[in-house]
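Read the structure below first, then the notes.
The values are calculated or read from the model by the stated rules, or taken from the named source; none is laboratory data. Bear in mind the structure is a predicted one, so any value in this text is a computation, not a measurement. Cβ placement follows ideal geometry from the backbone for every residue including glycine, while neighbour counts extend to all protein chains displayed. Just the protein is used for accessible areas: all its heavy atoms, side chains included, with ligands, DNA and RNA removed. Shrake-Rupley method; radii C 1.70, N 1.55, O 1.52, S 1.80 Å.
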Amino acid sequence: SSMASTCGSTLALMDAGVPIKEMIAGVAMGLIVSDDKFSKYKILTDLSGEEDKGGFLDFKMAGSKNGVTSIQCDMKVQGVPMKVLYEVIEQSQEARLFILEEMEKTISKPKDAVSKYAPKMMRLVIDKAKIGIIIGSGGKTIKEIQEQTDSEIFIEEDGTVVISAESEEMAKKAFDIVVGLSKDVEV
């Protein structure tokens, strides 16, 4: 499920030594209502595929102990009373905090060192006017850099360049090439 992916991603990042600030967990909530709409209803925690398919609400909330990072909601019934939404949010928060406690039993903080298997990333900001030099005609220059250094290079419109490679050595090599191409010539 997407919420298991959220929890698993947090655990994987911590195990790889990525210095994340807080653990993030998520939980999917569902809702079953009576035929006369909300005279009777049941909020489901950690719903499965069948409950999602046959239910009236698919509500996902992810976050840390200190707050919510995202909410996604598919409503399959017109008009959910605020009282019910408050209950869904409260029940979701209780479940998320429980999941975070369980996750902490496995790993409670990121490992001290980044795993040798984790991709290495470097970031720099270049003059926006130099972006074309790095990309080259038809993307030729950036492709050559990526091939030479076995890296991936992403350039944003504001001049931010993010370089990702399997080894720190290759990331540094790509970084140095980008810096060399984007430097101003000085006497």
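Annotations for the structure displayed:
- Take the conditions (1) under 29 Å from LYS116 (Cα atoms); (2) modelled with pLDDT under 95; (3) not polar (S, T, N, Q); GLY138 misses just one of them, which is (1).
- The numbered conditions (1) touching a residue at least 60 places away in the same chain (Cβ under 8 Å); (2) assigned to a strand (DSSP E or B); (3) of a type in the set (A, V, I, L, M) are all true for LEU13 except (2).
- Qualifying residue in the stretch 34-55 (condition: assigned to a strand (DSSP E or B) and open to solvent by less than 50 Å² (accessible area, probe 1.4 Å)): yes
- Here ALA113 fulfils each of the conditions (1) surrounded by 12 or more Cβ atoms within 10 Å (Cβ to Cβ); (2) over 30 Å from MET29 (Cα atoms); (3) out of contact with any strand residue (DSSP E or B) (no Cβ under 8 Å at 6 or more places or on another chain); (4) touching a residue at least 40 places away in the same chain (Cβ under 8 Å) apart from (1).
- Qualifying residue in the stretch 153-167 (condition: touching a Leu at 6+ places or on another chain (Cβ under 8 Å), more than 26 Å from VAL114 (Cβ to Cβ) and open to solvent by 30 Å² or more (accessible area, probe 1.4 Å)): no
- Flag if PHE175 is in a helix (DSSP H, G or I) and aromatic (Phe, Trp, Tyr): yes
One line per residue, one yes/no per condition, for (1) open to solvent by 60 Å² or more (accessible area, probe 1.4 Å); (2) modelled with pLDDT of 95 or more:
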position: ILE71; (1), (2): yes, no
position: GLY79; (1), (2): no, no
position: VAL84; (1), (2): no, no
position: ILE99; (1), (2): no, yes
position: GLU104; (1), (2): yes, yes
position: ILE126; (1), (2): no, yes
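- Verdict on GLU87 being more than 22 Å from the chain's Cα centre (by Cα) and acidic (Asp, Glu): yes
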